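Nothing in this text is a laboratory measurement; each read-out follows from the coordinates by a stated rule. What you see is a predicted model, and the numbers here were worked out from it, not measured in a lab. Cβ coordinates were reconstructed from backbone atoms using ideal geometry, including for glycine residues, and neighbour counts include every protein chain displayed.
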Amino acid sequence: MKRRVPLIIVFCVSLFMVIQYFVPLDSLERVYRSFLDYTIIIGVFALLLGIWSLCRVNYDKIKRKSENWQYAIITLTGFFIMTIAGFLSGWGRTDNYLYQHLFSYVLVPIQATMFSLLAFFIASAAFRAFRARSLLATLLLISGLVIMIRFVPLGFLSEPISDLAGWILRVPNMAAKRAIIIGVGLGAVATAFKIMLGIERAYLGRD
Amino acid sequence: MHETIQDSATVTLLWTTLGALLTVATFSFLYRDNPIYKVAEHLVVGVGAGYFLVLLVYTTLKPKLFDALAEGHLWYIIPGVLGVLMWLRFSRKLSWISRYSIAFYIGTSGVSIPLYMYNNVNRQVSSTLDLGMGFGSLTEVWGILIVLGTLAGLVYFFFSKAHKGAFGGFAKFGILVLMIGFGASFGYTVMARISLFVQRIAELEDWGAMLIAYFFS
């Protein structure tokens, strides 16, 4: 009951999902669409579980006054203000003034800045790779550098660099990406079969 | 009328100032991890969670579950129940029931078997073998190079046979091709992040101009 039933559910649902792909029947298509909706709904409940967990962890931090507990107050305050603002305009409407402005003037600036910080860390990583002085690191850096400077006006060098960048993108890069995509595809299919047949059971957790 | 515009400009300036200060607070991490950065970091986690909670409820739960049930599609109670069962993970005695929901969720990934096989394998292989899809005047030559590079890349990821002899040499060619590909992705990522950085600096510049215009014009 605890382990066998979930394994049976996985097998039956997986088998249905495979069969419906090859059998063009309207009734199967309808069930398939419903199953996709079901998955999305269950996924949302799982995400809500994550949000609940976030609140609980931060609440516990404040309650126990553990290290840096003051920051947990900021997290919870931000969360509750945003949530209340989102539900204030009425059911199904997100045009609340506070909700929109917190998104534009708090969420977007911090997230965009955090991502832009990566430019500095990536530059430092490139420098360390350059110091490694291996053929592979050099190839990676030359390829990266050509892609980066291809739009920079460099006089008579601009055209050959642009041509070289085009060649890199459409020949070796294409080959590399295809190898990765095909590899990922084969890996995903193998993993899906392992899950379907009950060989991979990590999702069940421990008893 | 004048006062309304003045109020609006003040409020806009206050919001923009908040955004600018949070940008500076986040940039302060470049110096080192500090309390100002931590405030911005924790704020974005909380506000982000709240934002996505509202978005998930309105864009997914409302149309797909509540509206469907209100329209009489009662079988939609099944995912609702399965979703609620997920919450039993918090119970020590009943947490095993949540496996039913997870099992259904995992089971639907069975569709990835035909989909991945078609999109990631069949279509990529057929495009790779189309030698006319190369580049420039030496189309066929580059087409053959793409075929060899793709094969070599796959050989590099094949660990069931030792990378020795001709097989090992081909795998080495594969890693060279992969490194050029990673370099291209690296270049693109750096450019994207620098664009974001330039955009953040431009926002700060706009904020400075707004402050000057507000106080001195």
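Each label point was placed 7 Å from the Cα along the Cα-to-Cβ direction; for A:R133 and A:I8 their separation is 6.6 nm. Relative to the longest principal axis of the Cα atoms of chain B, the long axis of helix B:139-156 lies at roughly 90 degrees. The modelled label-to-label distance for the pair A:L36/B:D67, using points 7 Å beyond Cα in the direction of Cβ, is 1.6 nm. Helix B:2-27 axis versus longest C-alpha principal axis of chain B: approximately 40°, rounded to the nearest ten. Averaging the sequence gap over all C-alpha pairs within less than 8 Å and six or more residues apart, then dividing by the number of residues, gives the range B:130-217 a relative contact order of 17 percent. Packing order of peptides A:183-192, A:87-96, highest average first: A:183-192, A:87-96 (average count of other Cβ atoms within 10 Å over each peptide's residues).
Using Cβ point charges alone (K and R +1, D and E -1), the dipole size of chain A about the Cα centre works out to roughly 800 debye. Relative to the Cα centre, the charge distribution of the range A:91-165, modelled as +1 at Lys and Arg Cβ and -1 at Asp and Glu Cβ, gives a dipole magnitude of about 320 debye. For the range B:53-66, 3J(HN,Hα) computed residue by residue from phi via the Karplus equation (6.51, -1.76, 1.60; θ = phi - 60°) reads 4, 4, 4, 5, 5, 7, 9, 10, 5, 4, x, 8, 10, 5 Hz, glycine and proline entered as x.
So between B:I77 and B:F90, what do we pick up on full extension, going 0.36 nm a residue minus the alpha carbon distance?
Length gained between B:I77 and B:F90: 2.5 nm.
Please name which of A:G166, A:W91, A:I122 has its Cα lying farthest along the dipole of chain A towards the positive end, using unit charges on Cβ (Lys, Arg +1; Asp, Glu -1) and the Cα centre as origin. Of the candidates, A:I122 comes out farthest on the positive side. Within the shell defined by Cβ-Cβ distances under 11 Å, the residues around B:P79 carry a net charge of 0, with Lys and Arg each +1 and Asp and Glu each -1. Per residue of A:144-152, other chain Cβ atoms within 10 Å of the residue Cβ number 5 on average.
Fully extending the segment from A:I84 to A:L15 would add 20.6 nm, taking 0.36 nm per residue of separation and subtracting the current Cα-Cα distance.
The simple spin-label model puts a point 7 Å past each Cα toward its Cβ; for B:A209 and B:R32 those points are separated by 3.7 nm. Fully extending the segment from B:V141 to B:T12, taken as 0.36 nm per residue of separation minus the present Cα-Cα distance, adds 40.6 nm.
For the pair A:S124 and B:A202, a Förster radius of 25 Å applied to the C-beta separation gives a FRET efficiency near 0.55, rounded to the nearest 0.05. Can you figure out the FRET efficiency of B:S127 with B:T189, using R₀ = 25 Å and their beta-carbon distance, to the nearest 0.05? According to the calculation, E is roughly 0.55. Phi-derived couplings, Karplus 6.51 cos²θ - 1.76 cosθ + 1.60 at θ = phi - 60°, listed residue by residue for the range B:200-214: 5, 5, 4, 5, 5, 5, 4, 5, x, 5, 5, 4, 4, 5, 5 Hz, with x used for Gly and Pro. Expressed as a fraction of 2.2 N^0.38 Å, the value expected for a compact globular protein of N residues, the C-alpha radius of gyration of the range B:1-76 is 1.79. For chain A, hydrophobic long helices are taken as DSSP H runs at least 20 Å long by C-alpha position along their axis with mean Kyte-Doolittle hydropathy of 0.5 or more; these are A:4-22, A:69-88, A:108-132, A:135-149, A:172-196. Selection among A:F11, A:Y21, A:I142 by position relative to the dipole of chain A gives A:F11 as farthest towards the positive end (Cβ unit charges, Cα centre).
Think of the range B:130-217 as a dipole: +1 on every Lys or Arg Cβ, -1 on every Asp or Glu Cβ, centred on the Cα centre; then among B:G208, B:L178, B:G168, B:G168 lies furthest on the positive end.
For A:K2, the lysines whose Cα comes closer than 23 Å to its Cα, not counting residues fewer than 8 places off in the same chain, are A:K194, B:K93.
Take B:169-177, B:10-18 and order them by the average number of nearby Cβ atoms within 10 Å per residue, most first; the result is B:169-177, B:10-18. Summary value for chain B: 13 percent relative contact order, contacts being C-alpha pairs under 8 angstrom separated by 6+ residues.
The radius of gyration of the Cα set in the range A:149-207, together with its Dmax, comes out at 21.5, 68 angstrom. Around the Cα centre of the protein assembly as shown, unit charges on the Cβ atoms of Lys, Arg, Asp and Glu (plus for the first two, minus for the last two) sum to a dipole of about 2100 debye.
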